[in-house]
1. May I ask you to sort Ile95, Ile28, Ile69 by Cβ crowding, counting other Cβ atoms within 10 Å and putting the fewest first?
2. Past the 19 Å Cα-Cα mark, which pairs from Lys90/Lys253; Lys191/Lys224; Lys128/Lys162; Lys140/Lys162; Lys140/Lys184?
3. Relative contact order for the chain: what percent, with Cα pairs under 8 Å and sequence separation of 6 or more?
4. Which of these values of Rg and Dmax of the Cα atoms in Å was calculated from the structure shown: [x] 21.0, 82; [y] 18.2, 53; [z] 19.6, 58?
5. Can you tally the net charge around Met194? Count Lys and Arg as +1, Asp and Glu as -1, for every other residue whose Cβ sits under 14 Å from the Cβ of Met194.
6. Report the equivalent ellipsoid semi-axes for region 126-279 in whole Å, largest first, defined as the square roots of five times the eigenvalues of the gyration tensor built from alpha carbon atoms.
7. Arrange the following residues from fewest to most other Cβ atoms within 10 Å of their Cβ: Cys276, Cys45.
8. Listing His68, His232 from the residue with the fewest other Cβ atoms within 10 Å to the one with the most, what is the order?
Amino acid sequence: MVMDNNEALQAIRQNIRDEKNDIAAIQIMDLASNNQDDPMILLTCCSMLRTIGNDKDFPGVLSVLMSHIPSEEKSKYEVATGLIGLGCLKDAGTILDELEDSDRVLRARAAVMHGTDRDEEALETLGKMGNLEEIDRVLKVQVLGSLGRHDEAIAEAEDILKGSDTYRAGRCYISALVLADRVKDAAKYAKERMKAKNADGYALMAYYQWLNGNSTASGAFSSKALQQDGHHIGALETIGYSFCDKGTYWEAKVAAGAINEIEPGNPAVFRILAMCRNQ
């Protein structure tokens, strides 16, 4: 049965790559129907339905998934984090509330709280964690920014950058500056990072340009980043946003598809597709 499922998944993914979404949708629903007691397969089916933009069948498969949540803590957590990636925050929160506190559970709860405009609770939850990793500190910056505590957000972002020069850390800093209406400082930082002439530097400038409403420049810098690293998720995500802004939705979906090839189910895929649907 496991082999059959693997073969079915390969066939579905090939049809998605070939843009045969109608065929893929039928195959996904068949796979879900044959695995109604397997939450991980059902979660994968939900992810693929979102990928092809099938909002009609998604709620039904999600409902079956939520009625077959595993009892084992590790599997529960995996389902919850998968649902967060799909944007199903309320459902993810329901599962997370059943789990014992740990840093990873608190991290996921804080993400759900932030995504549902419960930022004071998110900040409190992050404060309960024993050790804040970079991803947690980035979320803290976002939460502080949402609360209007911009000086604290920027200070936290600057502190992250003292020990990290990742794309994620740089993007966090640019976001905090722009949200605080310090656009010139954001531009200065992006220009400084671009001097390295690497994928992260160009991708950060692309992100800054997109935040500043310049989709054409954003797309150009994203392309430069992708010339350096064709698998740069940040650059692919930003160029997807830029295509959406310009109304070239097919190209945006191509960017989302490229991300899904690199990291199946990456939340950036669903953010781009959601932008396409909401335009």
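Every number here is computed from the coordinates shown, using simple stated rules; none is lab data. Values in this document were obtained by computation on a predicted structure and should not be read as measured data. Note that each Cβ is placed from the backbone with ideal geometry, even for glycine, and that neighbours are counted across all protein chains shown.
1. Values: Ile95 24, Ile28 28, Ile69 16.
Arranged by neighbour count, lowest to highest, Ile95, Ile28, Ile69 become Ile69, Ile95, Ile28.
2. Numbers: Lys90/Lys253 26 Å; Lys191/Lys224 14 Å; Lys128/Lys162 24 Å; Lys140/Lys162 16 Å; Lys140/Lys184 23 Å.
Those over the limit are Lys90/Lys253; Lys128/Lys162; Lys140/Lys184.
3. On the way: 355 pairs, mean separation 28.9, N = 279.
Computed value for the chain: 10 percent relative contact order.
4. [z]
5. So the surrounding residues net to +4.
6. On the way: eigenvalues 124, 61, 48 Å².
Taking √(5λ) for each Cα gyration eigenvalue gives 25, 17, 16 Å.
7. On the way: Cys276 18, Cys45 27.
Ascending number of Cβ neighbours within 10 Å: Cys276, Cys45.
8. Numbers: His68 14, His232 24.
Fewest-to-most ranking of His68, His232: His68, His232.
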